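See below for the structure under consideration.
The values are calculated or read from the model by the stated rules, or taken from the named source; none is laboratory data. Since the model is a prediction, treat every value here as computed from it, not as a measurement. Here the Cβ positions follow ideal geometry from the backbone for every residue, glycine too, while neighbour counts run over all protein chains shown. Each accessible area value is taken on the protein alone, full model and side chains, heavy atoms only, with ligands, DNA and RNA left out. Shrake-Rupley method; radii C 1.70, N 1.55, O 1.52, S 1.80 Å.
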Amino acid sequence: MLELKNIYFFRDNKQILNNISLKIDNSKLIAITGPNGSGKSTIAKIIMGILKPDSGCILFNGQDITNISITQRAKLGIGFAFQQPVKFKGLTVKDLIELSSGNTINLGEACNYLSDVGLCAKDYLNRELSSSLSGGELKRIEIAMLAAKKSKLTIFDEPEAGIDLWSFNSLINIFEKMHKQIKNSSIVIISHQEKILNIADEIILLSDGEVKAMGKKENVLPLLLNSTSKPCKVMVEKGGNK
Amino acid sequence: MDDKFNLIEKNLLKNIADIEKIPMGAYNIRENGKSIGRNTTANIDIVSKKDKPGIDIIIKSNTKNESVHIPVILTKAGFNDIVYNDFYVGENADVVIVAGCGIHNNYCETAEHDGIHTFHLSKGAKVKYIEKHYGEGNGSGDKILNPQTIVYLDNGSTLEMETVQINGISSTIRETKGNLGINSNLLISERIMTSENQFAKTIFNIDLNGENSSVSVASRSVAKGNSKQEFISNINGNNKCFGHVECDAIIMDTAKVVSTPKVTANNINANLTHEAAIGKIAGEQLIKLMSLGLSEKEAEQQIINGFLK
Ligand SMILES: Nc1ncnc2c1ncn2[C@@H]1O[C@H](COP(=O)(O)OP(=O)(O)O)[C@@H](O)[C@H]1O
Ligand SMILES: [Mg+2]
């Protein structure tokens with residue numbers, strides 16, 4: 001579905017991504033993990049087209065998308081739930097769920113997306129996506145928007161951050177539901193959370209802008225958990241908000 | 001009755017008062033300086049002034065669920081229409097008042113309307129006041145609106161004021177003055193959009209005189225093209241009171257915006273706050289909407305429409 005080939009990204013005298021190559025197949029749930037500042041969000045932004053790599057190329061279902069716009073990528077079927085959700089004065093939760101789904105949706109549908117993220121639709125649909133909502137609420141609405149967008153490939157950037165009051169199981173249910181409902185779709189989750197890494201088919205471990213390990217959960221997870229001599233930063237920094 | 005208005009008149013009325021035909025309840029429709037239709041009800045009287053152009057709107061105590069429409073339309077140019085409208089709202093009345101001015105100017109001369117609206121709210125009265133301003137027409141003549149709103153709020157009364165001017169007015173100076181008594185509330189929401197070489201200035205002078213009086217001013221504006229906007233607010237807390245002013249402007253192209261929110265506390269228990277923000281559309285907002293599949297132009301349009309909603 002998606003392939004990154006030799007991606008380099010250099011800013012402020014720092015090699016932020018250093019020759020990243022990776023492949024994401026259809027119908028997979030992939031976790032990207034690694035310490036804060038290792039380049040996880042940068043990879044997500046490069047896939048969405050928000051940042052342009054200095055070199056390397058990006059293929060989506062065989063098409064070279066390296067030089068196409070964010071809008072075109074979104075239309076091809078790439079979606080991205082931001083680590084820091086964006087606020088909009090004036091636009092309501094309902095507006096954004098409608099914009100995400102690409103058409104007007106009925107109340108029932110909107111309610112389903114919201115109740116899946118643990119929010120009561122009637123309390124939220126007409127609220128502005130502004131600072132009047134808490135960080136955790138904004139985060140959940142961001143997830144609901146991406147569920148409504150129904151992309152072939154959706155990247156969630158630390159979806160669990162700031163939503164501690166809401167059970168992980170609900171979050172995992174959403175990923176599984178999307179997986180089932182959107183044919184051949186894949187999901188990439190950037191996360192520090194062991195519980196989320198546990199449901200992944202494959203894990204990509206990033207450090208200092210490089211892929212340190214990549215493969216089946218069974219093979220990568222032990223690398224993270226068994227590094228007892230030097231406690232794995234990944235696990236220590238869970239919930240980190242970089 | 002539907003055929004009373006021609007297409008130009010209907011379109012103006014639709015834009016400023018959401019009406020295309022004769023409204024329900026009390027109304028007075030003014031066109032090019034003359035009243036062209038009026039209706040009163042058992043509770044709401046409308047009387048022409050003797051000494052100057054304009055009307056007195058007298059609303060009886062305890063009038064509930066009634067509305068007054070007083071739209072003004074201008075379809076001729078070379079014309080400066082000044083009108084004084086005084087509203088006397090009786091005790092515990094609860095009504096909706098819809099005003100507004102639409103100008104259709106196909107000429108090269110100026111068309112101007114200056115409406116001076118004074119509200120006297122008696123004890124416990126509640127008014128929702130909606131005012132829309134709209135200009136159109138192919139002429140090069142300016143379309144000018146200089147409205148003044150003067151508000152006297154007696155004990156426990158509430159005025160909720162919504163003003164919208166989002167299209168076609170060349171120049172406007174809008175002034176709102178408030179005198180607030182005990183336990184009274186003034187809630188103002190303002191929406192302005194200017195483009196091309198338009199100019200809009202809005203001034204709020206509010207005196208919080210009564211104990212526990214409160215005012216909230218929320219102004220949102222978009223300045224496009226080469227337009228200029230000025231926002232001035234002066235809130236005086238003369239008693240134990242609460243005042244909050246929020247002005248938010250999106251600036252585009254080569255537009256200019258000046259914002260001067262001023263709060264003055266003349267009493268130790270005056271609680272006054274203001275927030276002012278001017279900026280272009282946040283890049284991350286555009287990026288977010290583009291990542292949902294909108295083009296940059298569509299994203300911009302959504303952000304502006306939402307902001308001015
Ligand atoms: N546009 C940018 N300019 C300069 N430095 C950046 C930029 N974006 C990210 N960085 C830096 O790149 C590194 C990786 O950031 P990021 O991808 O956000 O990491 P992660 O998501 O893994 O925490 C960090 O050191 C960060 O400070
Ligand atoms: Mg990050």
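Within the set B:THR264, B:THR254, B:THR260, the sole residue that is outside any strand (DSSP E or B), among the hydroxyl-bearing types (Ser, Thr, Tyr) and open to solvent by 10 Å² or more (accessible area, probe 1.4 Å) turns out to be B:THR254.
Every condition in (1) within 14 Å of chain A (Cβ to nearest Cβ); (2) in a strand (DSSP E or B); (3) open to solvent by 40 Å² or more (accessible area, probe 1.4 Å) is met by B:GLU284 except one, and the failing one is (2).
Does A:SER69 satisfy being modelled with pLDDT of 95 or more, of a type outside the set (D, E, K, R), exposed (fewer than 15 other Cβ atoms within 10 Å of the Cβ) and more than 18 Å from the chain's Cα centre (by Cα)? Can you show your working first?
Working: modelled with pLDDT of 95 or more: yes; of a type outside the set (D, E, K, R): yes; exposed (fewer than 15 other Cβ atoms within 10 Å of the Cβ): yes; more than 18 Å from the chain's Cα centre (by Cα): yes.
Taking the combined requirement at face value, the residue satisfies it.
Among the residues of the stretch B:152-203, none is identified as basic (Lys, Arg) and at positive phi. Taking into account only those residues within the stretch B:287-307 that are within 17 Å of A:SER131 (Cα to Cα) and of a type in the set (A, V, I, L, M, F, W, C), which is farthest from the other protein chains (Cβ to nearest Cβ)? The selected residue is B:ILE303. Close contacts from the stretch A:192-221, counting a first residue that is away from chain B (no Cβ under 14 Å) and a second that is charged (D, E, K, R) and within 16 Å of ligand 1 (Cβ to nearest atom), with Cβ to Cβ under 7 Å and a gap of 6+ residues or different chains, come to A:HIS192/A:GLU237; A:HIS192/A:LYS238; A:GLN193/A:GLU160; A:GLN193/A:LYS238; A:ILE196/A:GLU160; A:LEU205/A:LYS212; A:LEU206/A:LYS40; A:LEU206/A:LYS212. Taking each residue of the stretch A:34-49 that is within 13 Å of A:ILE20 (Cβ to Cβ) and among the small types (Gly, Ala, Ser) and looking for partners that are in a loop (DSSP other than H, G, I, E, B) and more than 9 Å from ligand 2 (Cβ to nearest atom) with beta-carbon atoms closer than 8 Å, six or more apart or interchain, yields A:SER38/A:ASP208; A:SER38/A:GLY209; A:GLY39/A:ASP208; A:GLY39/A:GLY209.
Pairing residues of the stretch B:30-50 that are closer than 16 Å to B:CYS101 by Cα with residues that are among the acidic types (Asp, Glu) and open to solvent by 50 Å² or more (accessible area, probe 1.4 Å), at Cβ distances under 7 Å and at least 6 apart in sequence or on separate chains, gives no pairs at all.
Note on the stretch A:79-109: residues that are closer than 28 Å to A:LEU59 by Cα, in contact with a strand residue (DSSP E or B) (Cβ under 7 Å, 6 or more places away or on another chain), within 8 Å of chain B (Cβ to nearest Cβ) and open to solvent by less than 10 Å² (accessible area, probe 1.4 Å) total 2.
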